[in-house]
Each structure stands twice: as structure tokens, then as C-alpha cells.
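Visitor: Handing you a structure now.
The values are calculated or read from the model by the stated rules, or taken from the named source; none is laboratory data. Predicted, not measured: the structure shown is a model, and the values here were computed from it. Reconstructed Cβ throughout: ideal geometry from the backbone, glycine too, with neighbour counts over all protein chains shown. Only protein heavy atoms, including side chains, enter the accessible area calculation; ligands, DNA and RNA are left aside. Shrake-Rupley method; radii C 1.70, N 1.55, O 1.52, S 1.80 Å.
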Amino acid sequence: MVALSGSHTIGQAQCITFRDRIYNNSSDIDAGFASTRKRRCPTNARDGDANLVPLDLVTPNSFDNNYFKNLIQRKGLLESD
Ligand code: HEM
């Protein structure tokens, strides 16, 4: 599961898939990273739902281990339970 999740080191996600996480004050997310992502993902549901941002903020087009490095810095975009 952990290894497969690392494939989110490339590609993009739509605003609708991460809006809850970046606007939830109790989520474990870096505040600066959240505010950067809010710029492409407005608060209101349906507003910009399909706006795309990179899953890996450091090297969005490389298949590397930055997905995991970003998580340690609390800069993961997708929610997990
Ligand atoms: C529990 C399993 C998984 C969940 C919940 C999940 C969730 C997501 C979500 C929410 C997105 C953004 C999609 C969008 O906004 O339209 C995404 C994108 C992506 N996922 Fe996953 N994913 C899972 C497993 C995997 C696995 C196993 C792989 C590959 C081995 C993978 C590779 C990717 C890639 C490459 C993208 C970017 C797609 C693109 O840019 O077009 N995911 N995933």
C-alpha cells in the first residue's frame, strides 16, 4: 500500500479531490503549502472543481521518492484514512 501510494509522485489531481483537506484546519497539513494550493482551488463547492495541480510539488514530472519526502514535511495533497 505504501509503495503503491508513492506512484502519486507524478500526475495531477483535481481540486474536488483535495479541497476538504486544504480547508480543514484540523488536518495535518503544512499551512504554507495549503495556502498555495488554495489559490487553484476556491472554497466553494463546484467552483473550480476540475482545476488541476501537481500531486508532487517538488518534481511533478519525475518518478522519484519526493512523494514520501513531501509527506514527511506535511506537504501531501491527497487525504488518507
Ligand atoms: C487506495 C488507492 C488509491 C487512491 C485512493 C488514489 C487516489 C488518487 C486521486 C484522488 C487522484 C487524483 C485524481 C483526480 O483528481 O482526477 C489520483 C491520481 C493518480 N493516481 Fe492514484 N490512488 C490510488 C492508487 C493508485 C495506484 C496504485 C497508482 C499507481 C500504481 C496510482 C497512480 C496515480 C497517478 C499516476 C495519478 C495521476 C493521474 C493523472 O495525472 O492523470 N494511484 N489518485
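Visitor: Exactly one of these conditions fails for GLU79: (1) farther than 12 Å from GLN14 by Cβ; (2) open to solvent by 70 Å² or more (accessible area, probe 1.4 Å); (3) more than 11 Å from the chain's Cα centre (by Cα). Give me its number.
Guide: (3)
Results for (1) without any contact (Cβ under 8 Å) to a residue 12 or more places away in the chain; (2) farther than 15 Å from GLY6 by Cα; (3) open to solvent by 80 Å² or more (accessible area, probe 1.4 Å), shown as yes or no for each residue.
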| position | (1), (2), (3) |
| --- | --- |
| ARG37 | no, yes, no |
| THR43 | no, yes, yes |
| LEU55 | no, no, no |
| PHE63 | no, no, yes |
| LYS69 | yes, no, yes |
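Visitor: I would also like to ask the following. Restricting to region 15-60, name every residue that is touching an Asp or Glu at 6+ places or on another chain (Cβ under 8 Å) and over 17 Å from SER80 (Cβ atoms).
Guide: Correct list: CYS15 only.
Visitor: Let me ask something else. Scanning region 52-64 for residues that are under 11 Å from LYS75 (Cα atoms) and of a type outside the set (Val, Ile, Thr), which turns out farthest from the ligand (Cβ to nearest atom)?
Guide: LEU57
Visitor: Here's something else I'd like to know. When ASP49 is evaluated against the numbered criteria (1) open to solvent by less than 50 Å² (accessible area, probe 1.4 Å); (2) away from the ligand (no atom under 14 Å from the Cβ), which criterion, by number, is the only one it fails?
Guide: Here ASP49 meets the rest and fails (2).
Visitor: Give me the pairs, please: first residue somewhere in region 11-31 and in contact (Cβ under 8 Å) with a residue 24 or more places away in the chain and under 19 Å from ILE72 (Cβ atoms), second residue anywhere and among the polar types (S, T, N, Q) and open to solvent by 40 Å² or more (accessible area, probe 1.4 Å), beta-carbon distance under 8 Å, and either six or more positions apart or on two chains.
Guide: Short answer, once both residue conditions are applied: ASP30/GLN73.
Visitor: From the set of residues in region 1-35 that are more than 8 Å from the ligand (Cβ to nearest atom) and of a type in the set (S, T, N, Q), which is most open to solvent (accessible area, probe 1.4 Å)?
Guide: If we take residues in region 1-35 being more than 8 Å from the ligand (Cβ to nearest atom) and of a type in the set (S, T, N, Q), then ASN25 is most open to solvent (accessible area, probe 1.4 Å).
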